[in-house]
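The structure appears below as structure tokens.
Read-outs throughout are calculated quantities, based only on the coordinates presented, and are distinct from any laboratory measurement. The model shown is predicted, which means the values in this text are computed figures rather than measured ones. So basically every Cβ, Gly included, is an ideal-geometry build from the backbone, and we count neighbours across all protein chains shown.
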Amino acid sequence: MSPKARLIQGNRACAEGAIAAGVRFFAGYPITPSTEIAEIMSEELPKLSGKFIQMEDEIASMSCIIGASLTGKKVLTASSGPGISLKQEAIGYACMTETPCVIVNVQRLGPSTGGPTSSAQGDIMQARWGTHGDHPIIALCPSSVYECFTLTITAVNFAEKYRTPVYVMLDEIVGHMREKVVLPDADEIEVIDRKRPTCPPEEYKPYQIGESLIPAMADYGTGYKWHVTGLFHDETGFPSGNPQVIDAQFKRLMAKFKKYEDEILLWEETETKDAEILLVAYGSTARSALEAVNILRTEGIKAGLFRPITIWPFPEKVLKTLAGKVKKIIVPEMNYGQLFLEVERVCKDKTQVSGLFKVDSLPIAPDEITAKVREVL
Amino acid sequence: MRPELQKLFRMEKLPHIWCPGCGHGIITRAIGEAIAESDINLDKTVIVSGIGCSSRAPGYMNFDTLHTLHGRALAFATGVKLANPELNVFVITGDGDATAIGGNHFIHAARRNIDLNVILFNNNIYGMTGGQYSPLTPTGKMASTSPYGNPENNFDIPALAIAAGASYVARGTAFHDKLLIECIKEGIKNKGFSLIEAMSMCPTSYGRRNKMGNAADMLNDLKRIAVNINVAKKLPPEKLEGKFLIGKLHHKPYPEFTQEYDKLILKLQKGAE
């Protein structure tokens, strides 16, 4: 065993990834199965001159990290199920004000209290549309302990670079699973900081419609004296009810994500080159799907796996190309067909798309997937 | 407005949106006066608010300003202050914002004794949505959602803040603006959670429904009903019936949250050496 090899769980890898990415502020509230992230942050952050606070509720936690982010800190919160529902109002505020922050959702069985210690993937559409009003969002979905570490770093970098909230969508299995990992050293990790203004304060426009579409962001307390509001605002940040201003700002917000799509969209393909059956799976379910591909290949069935790592925005172009080359697509997921809807929308003109849905508190096993493949063949 | 005060306001954003006769303008000015008379770094001052009539005040004030969500101003402000304790953080909130939807954040921010200067504009009503009763609408009063008179009891905000752990609590009014300025200044000096309840008046949505006359009549009511705590100490209880107290109601300094956290950081780092 390498001296740096460790046996750790996904939630720990996620917390360590956040710290490696420069997160120095965490606000949270205890909830299963994400609590370990808060516990680890409470222990580690003060050693690094960072701050941890356990707030009075989930709404306060989300609000608190936005306030902290405005002072220039990299910020994180983590929660599950009902906690994520409570955070939605403030997540919308972060979307509207373009405040960098990362929300870890260790998905558990829902709705409502559901199954606190059971895994699920039922929050996929909530991540996309959970807060009211149209808005862009980024959601990343790890399926291993190592990836909990690397994708949390990516999430923090995306949040800072694109001035946006970013979800890291674990599920209970990925969060609590223990795997051997050798995590990269600090000098091997790329860390991105938000762009800060260099202009004099009187020229500063916190929502400027410039070429990059990502306006620079001043830290509170540095003399820029800017205004942040959840109301629609003009380039200067002050409220505006002018339809042209609203239209221009909203178009910039949406275009920002389109412009950087090539950097934001992440996915992984396994055995897709000659695949006739394509599995589309993410999170812990992708692990079962990968094993299913291996089993099917030994049986001579040409199966492959497409694993979206960025689930929002959805990597549709690449999937559409793949769909044109395969006979059937199967989407196994621990819900009643949430990402399936997206896959179907993208692929239905090219090939037949079926779902394998399961909501009974248990993971989807590889043999359930192989059975489904044989059924549709 | 005198020049020293003008630099504290975004003069180009004035006049404000509040109705004629609203007390909020007087209170907002009092905050400016208190800041002008205090020795604080204006570049390192953040003003946070929630949602409602009072919460529009920071938009007129020339600082880093944060207009947040309904009820959540104290949670955002906690993040600002804890992330950078060098900043002077003010919170402007209203009676509905702070004590209904934000009630939980209110008691917990007070419990932490985090160094925030909270000015609660109390106009006894939800003004911006057109006059619904709030937790500070007195029992029996008319509101658009209490057309037969408010059947509920109202909070005593200073008592709530003291019980929850605020280290400085005072009350002023739109009439007693000099006293209000002094209270805010004392709140700024207090290292900890300072709560200043500023009694305002809403002739449009509260006074009108309760036949309280015009704005001047309502301002006179504040004068008539308020009793300075120093005077009240010498009065028999029957003389205080139907009155409310103004002035410094409570001041008991004790360790402040962000300073204690910084001590923890130092201790851990010394331990690691």
Anisotropy class of region B:40-138 from Cα gyration tensor, a/c 1.5 cut: oblate
Cα radius of gyration and Dmax for chain A (Å): 21.0, 69
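Filter B:LYS44/B:LYS185; A:LYS317/A:LYS350; A:LYS225/A:LYS256; B:LYS141/B:LYS178; A:LYS205/A:LYS251; B:LYS191/B:LYS248 down to the pairs with a C-alpha to C-alpha distance above 22 Å, please. Working shown, then result.
Numbers: B:LYS44/B:LYS185 17 Å; A:LYS317/A:LYS350 12 Å; A:LYS225/A:LYS256 25 Å; B:LYS141/B:LYS178 29 Å; A:LYS205/A:LYS251 17 Å; B:LYS191/B:LYS248 16 Å.
Checking Cα-Cα distances, A:LYS225/A:LYS256; B:LYS141/B:LYS178 exceed 22 Å.
Tell me, what is the percent relative contact order of region B:87-240, built from C-alpha pairs under 8 Å that lie six or more residues apart?
Details: 285 pairs, mean separation 35.7, N = 154.
Answer for region B:87-240 is 23 percent.
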Under Karplus coefficients 6.51, -1.76 and 1.60, residue-wise ³J(HN,Hα) of region A:93-103 in Hz, glycine/proline x: 5, 5, 4, 5, 8, 6, 9, x, 6, 10, 10
Computed label-point distance, nm, for sites A:SER361 and A:GLU43 using a 7 Å Cα→Cβ extension: 2.9
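Quick one: putting +1 on the C-beta of Lys and Arg, -1 on the C-beta of Asp and Glu, what dipole do you get for the protein assembly as shown around its Cα centre, in Debye to the nearest 20?
Numbers: 72 positive and 73 negative charges, 256 e Å.
Once rounded to the nearest 20, the dipole reads 1220 debye.
To the nearest 0.05, what FRET efficiency results for A:ILE209 and A:ILE189 with a Förster distance of 25 Å applied to their C-beta separation?
Details: r = 33 Å, r/R0 = 1.31.
Between A:ILE209 and A:ILE189 the formula returns 0.15.
Where Lys and Arg each count +1 and Asp and Glu each count -1, what net charge lies around A:GLY130 among other residues with Cβ under 15 Å from its Cβ?
Numbers: positive: A:LYS87, A:ARG128; negative: A:GLU58, A:GLU89, A:ASP123, A:ASP134.
That works out to -2.
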Distant-in-sequence amide H partners of B:ALA226 (H built 1.01 Å from N, under 5 Å): B:PHE244
Residue with peak Gaussian network fluctuation, chain A [Cα springs, cutoff 10 Å], from A:MET217, A:MET334, A:MET254: A:MET254
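Would you calculate a helix-derived [θ] at 222 nm for chain A, using -39,500 (n - 2.57) for each DSSP H run of n ≥ 4 and dividing by the full residue count, to the nearest 500?
Details: 13 runs with 145 residues, N = 377.
Calculated from helices alone, the mean residue ellipticity at 222 nm is -11500 deg cm²/dmol.
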Highest-fluctuation residue, A:GLN352, A:GLN244, A:GLN126 considered, GNM on chain A with Cα pairs under 10 Å: A:GLN244
Options A:LEU339, A:THR321, A:THR285, ranked by Cα towards positive dipole end of region A:268-376, top entry (Cβ charges): A:THR321
Using θ = phi - 60° and Karplus 6.51 cos²θ - 1.76 cosθ + 1.60, couplings along region B:83-92 (whole Hz; Gly, Pro as x): 5, 9, x, 5, 6, 8, 10, 9, 10, 10
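At a threshold of 8 angstrom on Cα-Cα distance, excluding pairs fewer than six apart, so keeping six or more, what relative contact order does chain A reach in percent? Intermediate results must be reported in sequence, preceding the final value.
Working: 813 pairs, mean separation 58.9, N = 377.
Relative contact order here is 16 percent.
Treating only the Cβ atoms of Lys and Arg (+1) and Asp and Glu (-1) as charged, compute the dipole magnitude of region A:35-109 about its Cα centre; round to the nearest 20 debye. Provide the component values of the computation, followed by the final result.
On the way: 6 positive and 9 negative charges, 46 e Å.
Taking the Cα centre of region A:35-109 as origin, the dipole is about 220 debye.
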Residues whose placed amide H lies under 5 Å from that of A:ILE8, excluding near-sequence neighbours: A:GLU179, A:VAL181
Where labels lie 7 Å past Cα in the beta-carbon direction, separation of B:ALA163 and B:GLU4 in nm: 4.1
Given charges at Cβ of Lys, Arg, Asp, Glu: the protein assembly as shown dipole, positive-most of B:GLY140, A:ASN294, A:ILE189: B:GLY140
Paramagnetic label zone (point 7 Å from Cα along Cα-to-C-beta, A:LYS259; backbone N under 18 Å) in region A:206-239: A:206-218, A:233-237
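What do you get when you divide the Cα radius of gyration of chain B by 2.2 N^0.38 Å, with N the number of residues? Kindly include the intermediate steps, with their values, before the conclusion.
Details: Rg = 18.5 Å, N = 273, 2.2 N^0.38 = 18.5 Å.
Dividing the Cα Rg of chain B by 2.2 N^0.38 Å gives 1.00.
Quick one: net charge of A:ALA281's neighbours, Cβ under 10 Å, K/R +1, D/E -1?
+1
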Estimated inter-spin distance, A:ALA371 and B:THR139, nm [label 7 Å along Cα→Cβ]: 6.5
Placed amide H near B:PHE9: partners under 5 Å, 5+ positions off or other chain: B:ASN62
Per-residue ³J(HN,Hα) for region B:165-174, Karplus 6.51 cos²θ - 1.76 cosθ + 1.60, θ = phi - 60°, Hz, x for Gly and Pro: x, 4, 8, 9, 9, 8, 9, x, 9, 5
Prolate/oblate/rounded call for region A:6-188, Cα gyration tensor, a/c under 1.5 rounded: rounded
In Å, descending, principal axis extents of the Cα set of the protein assembly as shown: 95, 60, 49
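Near A:GLN338, within a Cβ-to-Cβ distance under 13 Å, what is the net charge of the other residues, with Lys and Arg +1 and Asp and Glu -1?
Working: positive: A:ARG128, A:ARG345, A:LYS358; negative: A:ASP123, A:ASP171, A:GLU333, A:GLU342, A:GLU344.
Net of charged neighbours comes to -2.
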Principal axis dimensions, region A:201-262 - Cα atoms, whole angstrom, descending: 34, 29, 19
Disulfide-incompatible cysteines by the Cβ rule (no partner under 4.7 Å) in chain A: A:CYS64, A:CYS95, A:CYS101, A:CYS141, A:CYS199, A:CYS347
Gain upon complete extension [B:LYS13, B:ASN228; 0.36 nm per residue less C-alpha separation]: 73.9 nm
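So what's the projected area for region A:275-353, the Cα convex hull averaged over all directions, in nm²?
Numbers: hull surface 18.9 nm².
Here the figure is 4.7 nm², rounded to one decimal.
Report relative contact order for chain B in percent, whole number only (criteria: Cα-Cα under 8 Å, sequence separation at least 6). Let's see the in-between values first.
On the way: 577 pairs, mean separation 49.5, N = 273.
Here the relative contact order equals 18 percent.
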Label zone at B:LEU42 (point 7 Å along Cα-to-Cβ), backbone N below 16 Å, region A:210-230: A:221-227
Shielding by partners - mean other protein chain Cβ count within 10 Å, residues of A:67-78: 5
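Calculate the mean, over all residues of peptide B:39-48, of how many other protein chain Cβ atoms lie within 10 angstrom of the residue's Cβ. All intermediate terms of the calculation are to be shown ahead of the outcome.
On the way: counts 0, 0, 2, 2, 7, 4, 3, 7, 1, 4.
Averaged over the peptide's residues, the number is 3.
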Spatially near lysine pairs across region A:6-188, Cα under 28 Å, sequence gap of 8 or more or different chains: 15
Cα lying deepest toward the dipole's positive end in region B:179-273, options B:LEU266, B:HIS251, B:ILE229, charges on Cβ: B:ILE229
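What is the mean number of Cβ atoms from other protein chains located within 10 Å of the Cβ atom of each residue in peptide A:43-52, rounded to a whole number? Each step should come with its number before you reach the end.
Details: counts 1, 0, 2, 8, 6, 3, 5, 2, 10, 3.
Per residue, the number of nearby Cβ atoms from other chains is 4 on average.
Tell me the mean residue ellipticity at 222 nm calculated for chain B from its helices only (DSSP H runs of n ≥ 4, each -39500 (n - 2.57), averaged over every residue, nearest 500). Display every interim value, and only then the final one.
Details: 9 runs with 90 residues, N = 273.
Helix-only estimate at 222 nm: -9500 deg cm²/dmol.
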